[in-house]
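Engineer: To start, I am sharing the structure in question, which I have written as structure tokens.
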Amino acid sequence: MTPERQDLLMSELWTRQDLQSTSSQEKSPRTASLFSGRFLLSMVDLRSLTTLLRSVMPPERPSQLSQPTAKSASVSEPRESRPAVIREQTTAPGFDLRSVYQQVVVAKAGDNVKVEIPVLGRPRPSVVWKKEDQEIKQTQRINIEDTATSTILNIREIKRKDGGQYSMTGKNILGTVTETITVQVHDIPGAPTGPIKIDEVSCDYVLISWDAPENDGGVPINNYIVEMKETTGTSWVELAATVIRTTFKAARLTTGNQYQFRVKAQNRYGVGPFITSEPVLAAYPFDVPGQPGIPQVTAFTKDSITISWNEPSSDGGSAILGYHIERKEKNSILWQRISKALVVGNIYKSSGLMDAIAYEFRVIAENMAGLSRPSKPSEMAYALDPVDPPSQPVAINITRHEVTLQWTKPEGDGGFPITGYNVEKRELPNGRWLKANFSNILETGFTVSGLTEDASYEFRVFARNSAGSVSKPSKPSEVIICRDDIEEPKLDVDASFSSVVVVKAGDVFKLDVSHYIVERRETSRLVWTVVESKVQTLNLKITKLLPGNEYIFRVIPVNKYGIGEPLESDPVIAANPFVAPGPPTDVEVSNITKDSMVVTWERPSSDGGNPISGYVIEKRDKEGVRWTRCNKRVVSELRFRVTGLLENRSYEFRVSAENAAGVGKPSAATVYYKALDPIFRPGPPNNPKVIDISRTSVVLQWGKPIYDGGCEIQGYVVEACEGISDEWTTCTPPSGITETRFEVKKLLEKHEYKFRICAINKIGVGENADIKGSILMEDKLEAPDIDLDADLRKMITVRAGGSLRLFVPIRGRPAPEVKWGKADGEINETAQIDITSSYTSLVIENINRFDSGKYTLTLENSSGSKCAFISVRVLDTPDAPANFHVKEITKNSVTLTWEPPLLDGGAKIKNYIVEKRESTRKVYSAVASCNKMTYRIDQLEEGRNYFFRVVAENEHGIGLPAETPEPLKISEKPQPPGKISVVDVTRKSVSLSWEKPEHDGGSRISHYEVEMQAKDSEKWSLCASVKALDTIVTNLAQGEEYNFRVIAVNDKGKSDPRLLAHPVVAKDLVIDTSVRTKLSTYSVQVGYDLKIEARITGHPKPTITWTKDGVALKQTTRVNVTDTPHHTTLSIKEATRDDGGMYNITVANVLGQKETTVEVIILEKPGPPTGPVKIDEISAESMTLSWEPPTYTGGCQISNYIVQKRDTTTTNWVVVSATDSKYDFRIIARNGAGSVSKPSQCTGSITAKDEIQPPTYEVD
């Protein structure tokens, strides 16, 4: 071929290809890109190419492109085309987003992302990428890559900030298009939103909460991780890693420690950063209480003092649990706690005190947070017998400003002489009690002055003895009104004045004055000022004068005729009518120590006209020149103890009296006294007494001497004297004993003895104190007695984990036998019981709820017995609920019931928590919290075994559980059995069968009970108990009619009975035979199993016969027949073609026979189509074949045929589609069963070709 011819051929091909691509640009996938170096030709193009090549080849040379055929190919004359214009196709721009699902790209932070978008359009559009309307600035990490057919967005190590909306804009000469995709970057979450809130704080837990992170990483938060550390440490401890909510309770903290918490969020990509809380102290959310009020002494005896106090102003936010009482003696610096348990209330009696000793008390409050600061100490109080109050004061004289009272001495003086009285007054109706005397009252009468005229008053009196004990106030006096006793004026008018009186001039005549006008003026002024305009009396008290000013007063009478002449007074200076008192007398100094002295004196001879309000005591050092006041407060008594003196210094003293006019002249100074401890023998011991006697011993007790001689008491000496003898024997060691109690032993029985005690200091033995009377040595019988103080008589409350300490003083002679017990059980094995002759104690450490109850203490000796009880309440979690049991069980629920716990832990039960667990698990799960004592748990899985338990909860926590000892199966009694059928009836028996219940109640059916009832009887009797679904009831009476019923039984009980639909008569039954199958024709594929079942009826039982195609069926291991009372079944395993045919079933009994026929069709692949295959039409691209159906269809209709071809040069059968090739053909049949036949005979070699025609061209 010449080069010019080849160029013409290629030009023709390009033109044809271009025209075809223009007409079907988007539909044809065979379009080739001329500029891409790739060229695709369809089958039509190949044919055209072949035709063109043939047309341009010289006739003398065969075509190199033709296939060798049997006949030589002929070539037509060429035809030239018209000129064609080669130009590029143009299309609008576009993007193919099908590869981006829903236009969303999802990436994990840190991954490399490559988004490739195919670009459409000709000429190729220019592409611009933007993010959030800003053109993307390309960097090494983010860049855009364009290819001939696509645009690519590359992001290396993508970050959260790279997420967002990305737009791409394509533009060419035909227009502009913009598409948007979304890039989502998934990452670990951000930190939870803080700060961490501390919602609740207690001593052992903290409740924290936080908010979800603002940045969840693009995916939902799976959980939070909570960690904790003590502020004193550096290591964090993970508390929980699967917290779902944004709140967490950190429990089991150590009280008093400070903690920090941090929280991290976690999603499927990992754990985010954390936020840390502020330090929080694990402590109660409340403080210790404030200080209680100052204790006040409300009662006292020689061996006890009762105090009371006010509650603290603040309880710290938690209720006051009780109080602790502390005590100390006057000269001691050590406070001693005397309350053995928390004191509930604000009254306490301190017993076992020493007679005439002064004590101070203070109180400490306690709440859940701990102990308060101690209260301020009470005033000094002496353990003395109380002084009885004086009698009710009586007013013996009343004026406008004074009341004179009188009373009688107290009946009891407390063992010491009465030394004085105090009087108090109260103005009615709302006045307070105020002290009316400013000095000690020695007599039983007193005049109260300075009262307000016409005011109402009450008065009361206190007595005081020499030991300093003050009585309770006397009964208030009657109400007294301060006014003068004024008699109503009377006129004795002469009868001569009853008529008109004529008076001669110059005679005297009197008329009554109606009232007076009183005026005043200062002497330095001339103007009179009205003081009172209507004075009815003949005197008037004028007030509001200026002290030191001189005044003149005048009185003007007034009658019905007018104002008379005034009467003026002499000038008067406004000054007190009294003066300062005189100096006190007889000033003496006594009780000298190294740092104190006692100064005493007598009243002044003159009080200056006004009662003395107090005294001023002054001292002066011998080496000094100034007098120094010793008392800061008013001293109303005639005795004062001066303290703070310097040892070995000499002092002199003087005393001045004071009244309303001021301080009077001081007394004469005393001589100088040196501040030194005196050196004298001590006084006698105080209050010696016998506290116990036996046949050979006596126990003595006494108090310290009131006067120790100025130095410390070193010991005591006890002496005894027998009978009337005057010889005293020392019973103690020569140096004495330090205790104030001593037991004298080895005395003679039935002998009388006298005893005396002496105190010893460094000077020597002091005065002795005798025991009154003689003491006979014999056993003293005393019935047992128990001294329960007020605290033990109340309910004793102790917190769980604390200690219970019961200390009880006891008495009895001989020493009683002591028994501790518990009214409602045994005392804790760990209890420590201590018993002595004077007291017994019970101590239980680490107390719990079981230690609550009533403790009994029994004393017994030969003189009798005594019993007491002490109630103890332990504040603890409650005991297990009582009488817990299952009330009802159904197939999906359980009803539980219980009673309150016997021990409620000392607090009211708030609620009960019901829990369950499956028997295969170990952990209980909470079901509900309820206030009732019964609860129904629903939605349980039928047939499963569960454990159940209930716990009570009070304000102290969750108590012990009450649980079921064995697992409970969730089931109920079964439903009635299914349909009951009569299988057989004879004259003496009935065969019954039935179906299982629709529901077994969740528990396996254990057996069935069959009951029967005779026709004329109402009683059902049990006739059979079986596990199977059938039974035979025997021993029936022939001809009798019976009813039958069946009951299903499981673990939960019996079902309702299922009755037989109709009565049964016990007689031989005769029923005609019948046989029927579900289908008349059965089909089975070769190699598969077939089962044919026929229902049989008839009585007596018929015989059954199977035949196939008129011949008795021969049973083998593959083909066999199974008969039951009501069915016969033919089973064929792995069916073959020989198993097809007509099967006949014949049943017969005494009444006759019946039969039925069943056709069995065996399905397999059909036979080959009947040949030979005929060639009806042949062309270069196709040929028409025909054949006959197969002689064997495989048991069903032929559905289609499969045609195959094979090139004679190969051995593989394929489908033919090329021209000018030789082929063989064969046919395969396939039937409706899907089986394929063997192939038919081959057609022989056939050449596929078209007739050659000159090419034609059509150009637009």
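The values are calculated or read from the model by the stated rules, or taken from the named source; none is laboratory data. Keep in mind that what you see is a predicted model, and the values were worked out from it rather than measured. Don't worry about glycine lacking a Cβ; one is built from the backbone with ideal geometry, like all the others, and counts go over all protein chains shown. When the accessible area is computed, the model is the full protein with side chains, heavy atoms only, and any ligands, DNA or RNA have been set aside. Shrake-Rupley method; radii C 1.70, N 1.55, O 1.52, S 1.80 Å.
Engineer: Any idea what log10 I(q)/I(0) is at q = 0.15, 0.29 Å⁻¹ for segment 761-812, Debye with uniform C-alpha scatterers and no solvent?
Structural biologist: Result of the Debye calculation: -0.75, -1.16.
Engineer: Turning to a different aspect of this structure: What's the local net charge at P814, with K and R +1, D and E -1, over the other residues with C-beta under 12 Å away? Walk me through the numbers on the way to the answer.
Structural biologist: On the way: positive: R695, K780, R811, R813; negative: D692, D779, E782, E817, E860.
That sum, taken over residues with Cβ under 12 Å, equals -1.
Engineer: Between R252 and V634, what is the label-point separation in nm under the 7 Å Cα-to-beta-carbon projection?
Structural biologist: So the two model labels end up 6.9 nm from each other.
Engineer: How big is the Rg/Rh ratio for the chain, C-alpha atoms only, Rh by Kirkwood, two decimals?
Structural biologist: In the chain, Rg relative to Rh is 1.28.
Engineer: A further question follows. Can you give me the orientation-averaged projected area of the convex hull built on the Cα atoms of segment 835-950, in nm²? Spell out each step's value before the answer.
Structural biologist: Numbers: hull surface 44.2 nm².
In nm², the orientation-averaged hull projection of segment 835-950 is 11.1.
Engineer: Just in segment 781-859: which trypsin sites (Lys or Arg not before Pro) are loop by DSSP and have at most 15 other Cβ atoms within 10 Å?
Structural biologist: On the way: sites: R793, K794, R799, R805, R811, K819, K822, R849, K854; in loops: K794.
Passing both the DSSP loop test and the Cβ count: K794.
Engineer: Right, next: For N215 and T830 in the same chain, what is the full-extension length gain: residue separation times 0.36 nm, less their Cα-Cα distance, in nm? If you can, show how the numbers build up before the last one.
Structural biologist: Numbers: separation 615, 0.36 × 615 = 221.40 nm, distance 5.99 nm.
Extra length available between N215 and T830 comes to 215.4 nm.
Engineer: Positive end of the charge dipole of segment 727-829 (Lys, Arg +1 and Asp, Glu -1 on Cβ, about the Cα centre): tell me which of N761, S774, G812 has its Cα farthest that way.
Structural biologist: Most positive-ward Cα: N761.
Engineer: Then there is this: With a cap of 16 neighbouring Cβ atoms within 10 Å, and only residues DSSP puts in a loop, list the trypsin sites (Lys or Arg not before Pro) found in segment 1095-1163. Mind dumping the intermediate values first?
Structural biologist: Values: sites: R1095, K1108, K1114, R1118, K1133, R1137, K1154; in loops: K1114, R1118, K1133.
Answer in residue order: K1114, R1118, K1133.
Engineer: Contour minus end-to-end for N911 and E860, with contour as 0.36 nm per residue of separation and end-to-end as the Cα-Cα distance? Numbers along the way, then the final one.
Structural biologist: Details: separation 51, 0.36 × 51 = 18.36 nm, distance 4.56 nm.
Working it through step by step, the gained length comes to 13.8 nm.
Engineer: Counting Lys and Arg as +1 and Asp and Glu as -1, each charge on the Cβ, what is the dipole of the chain about the Cα centre in debye, to the nearest 20?
Structural biologist: Working: 153 positive and 161 negative charges, 562 e Å.
With Lys and Arg at +1 and Asp and Glu at -1, about 2700 debye.
Engineer: Related question: Ratio to report: Rg/Rh of segment 135-204, with Cα atoms as the point set and Rh obtained by the Kirkwood method; give two decimals. The partial results should precede the final answer.
Structural biologist: Numbers: Rg = 21.7 Å, Rh = 16.4 Å.
Expressed as Rg/Rh, it is 1.33.
Engineer: Another one. Whole angstrom only: what separates the Cα centroid of segment 767-806 from the Cα centroid of segment 187-259?
Structural biologist: After rounding, the separation between the Cα centres reads 58 Å.
Engineer: Any chance you could look up the accessible area of H1126 with a 1.4 Å probe, heavy atoms only, rounded to 10 Å²?
Structural biologist: About 70 Å², ignoring ligands and nucleic acids.
Engineer: State log₁₀ I(q)/I(0) for segment 183-245 at q = 0.17 Å⁻¹ as given by the Debye formula over alpha-carbon point scatterers of equal weight, solvent excluded.
Structural biologist: For segment 183-245, the Cα-only Debye profile gives -0.73.
Engineer: Report the per residue volume, in Å³, of the convex hull enclosing the C-alpha atoms of segment 981-1036.
Structural biologist: Working: hull volume 5.5 nm³, N = 56.
Convex hull of Cα atoms, per residue: 98 Å³.
Engineer: What percentage of the solvent-accessible surface of the chain, computed with a 1.4 Å probe over protein heavy atoms, is contributed by carbon and sulfur atoms? Don't jump to the answer; show the numbers that get you there.
Structural biologist: Details: 36290 of 74200 Å².
C and S atoms contribute 49 percent here.
Engineer: Here's another thing I want to ask about it. If r is the Cβ-Cβ distance from V479 to I333 and R0 is 56 Å, what FRET efficiency results, to the nearest 0.05?
Structural biologist: On the way: r = 49 Å, r/R0 = 0.88.
Efficiency, from the Cβ-Cβ distance: 0.70.
Engineer: Where Lys and Arg each count +1 and Asp and Glu each count -1, what net charge lies around K910 among other residues with Cβ under 11 Å from its Cβ? Numbers along the way, then the final one.
Structural biologist: On the way: positive: K908; negative: D904, E953, E955.
My count for the surroundings of K910 gives -2.
Engineer: For segment 1004-1140, with equal point scatterers placed on the C-alpha atoms only and solvent neglected, what are the log10 I(q)/I(0) values from the Debye formula at q = 0.10, 0.14 1/Å, to two decimals?
Structural biologist: Values, matching the q order: -0.58, -0.84.
Engineer: In debye to the nearest 20, how big a dipole does segment 121-263 give about its Cα centre with +1 on each Lys and Arg Cβ and -1 on each Asp and Glu Cβ?
Structural biologist: Working: 17 positive and 18 negative charges, 103 e Å.
Taking the Cα centre of segment 121-263 as origin, the dipole is about 500 debye.
Engineer: With only alpha-carbon pairs counted, each pair once and no self-pairs, how large is the Kirkwood hydrodynamic radius of segment 1116-1182 in angstroms?
Structural biologist: Values: mean 1/r = 0.0598 Å⁻¹.
Hydrodynamic radius (Kirkwood, Cα only) of segment 1116-1182 equals 16.7 Å.
Engineer: Turning to a different aspect of this structure: Could you work out [θ]222 nm for the chain from helices alone, using -39500 (n - 2.57) per DSSP H run of at least four and dividing by all its residues? Round to the nearest 500 deg cm²/dmol. Kindly include the intermediate steps, with their values, before the conclusion.
Structural biologist: Details: 3 runs with 39 residues, N = 1260.
My calculation for the chain gives -1000 deg cm²/dmol from helical runs alone.
Engineer: Return the lysines within reach of K674: Cα separation strictly under 25 angstrom, same-chain partners fewer than 8 residues apart disregarded; answer none if there are no such residues.
Structural biologist: Cα-Cα hits under 25 Å: K594, K619, K622, K632, K762.
Engineer: Here's something else I'd like to know. Round to the nearest 10 and report in Å² the accessible area of Y205, as given by a 1.4 Å probe over the protein chains' heavy atoms.
Structural biologist: The accessible area of Y205 comes to roughly 50 Å².
Engineer: Bin all alpha-carbon pair distances of segment 445-484 at 5 Å intervals from 0 and give each bin's fraction as a whole percent.
Structural biologist: Calculated over all Cα pairs of segment 445-484, the distribution is 6, 19, 22, 20, 15, 10, 6, 3, 0 percent.
Engineer: Hey, another quick one. What translational diffusion coefficient, to the nearest whole µm²/s, does segment 918-1029 have by Stokes-Einstein, given a Kirkwood radius computed over alpha-carbon pairs, a temperature of 25 °C and 0.890 mPa s viscosity? Could you put the intermediate results ahead of the total?
Structural biologist: Working: Rh = 18.6 Å.
Taking Rh from Cα pairs, D becomes 132 µm²/s.
Engineer: Using 10 Å bins from zero, what percent of all Cα-Cα pairs in segment 578-635 falls into each bin?
Structural biologist: For segment 578-635, the pair-distance distribution reads 18, 46, 29, 7, 0.
Engineer: Okay, next question. If Lys and Arg each add +1 and Asp and Glu each add -1, what is the summed charge of the other residues whose beta carbon sits under 9 Å from the beta carbon of I980?
Structural biologist: Working: positive: K979, R1045, R1058; negative: E995.
Result for the neighbourhood of I980: +2.
Engineer: Looking at the chain, what % of its DSSP beta bridges pair antiparallel, to the nearest 5? It would help to have the intermediate numbers written out before the result.
Structural biologist: Details: 314 of 328 bridges.
Among the beta bridges of the chain, antiparallel pairing accounts for roughly 95 percent.
Engineer: A further question follows. How far, in degrees from 0 to 90, does helix 43-56 lean away from the longest principal axis of the Cα atoms of the chain, to the nearest 10?
Structural biologist: That works out to roughly 40 degrees.
Engineer: Which loop-located GluC sites (Glu not before Pro) does segment 895-992 contain, where loop means any DSSP state but H, G, I, E or B and the Cβ has at most 15 other Cβ atoms within 10 Å? Could the numbers behind the result be given before it?
Structural biologist: Working: sites: E915, E918, E941, E942, E953, E955, E963, E972; in loops: E941, E942, E955, E972.
Within segment 895-992, the qualifying GluC sites (Glu not before Pro) (loop, at most 15 other Cβ atoms within 10 Å) are E941, E955.
Engineer: Taking just the alpha carbons, could you work out the radius of gyration and Dmax for segment 616-724, both in angstroms?
Structural biologist: When restricted to Cα atoms, segment 616-724 yields Rg and Dmax of 22.3, 71 Å.
Engineer: How much solvent-accessible surface does F438 expose, in Å² to the nearest 10, with a 1.4 Å probe and all protein chains in place?
Structural biologist: 110 Å²
Engineer: Now, a different point. Using 0.36 nm times the number of residues separating E1188 and A660, minus their current alpha carbon distance, what extension gain do you get?
Structural biologist: Between E1188 and A660, full extension yields an extra 174.2 nm.
Engineer: Which one, V874, V1070, S841, is farthest towards the positive end of the dipole of the chain when Lys and Arg carry +1 and Asp and Glu -1 on their Cβ?
Structural biologist: V1070
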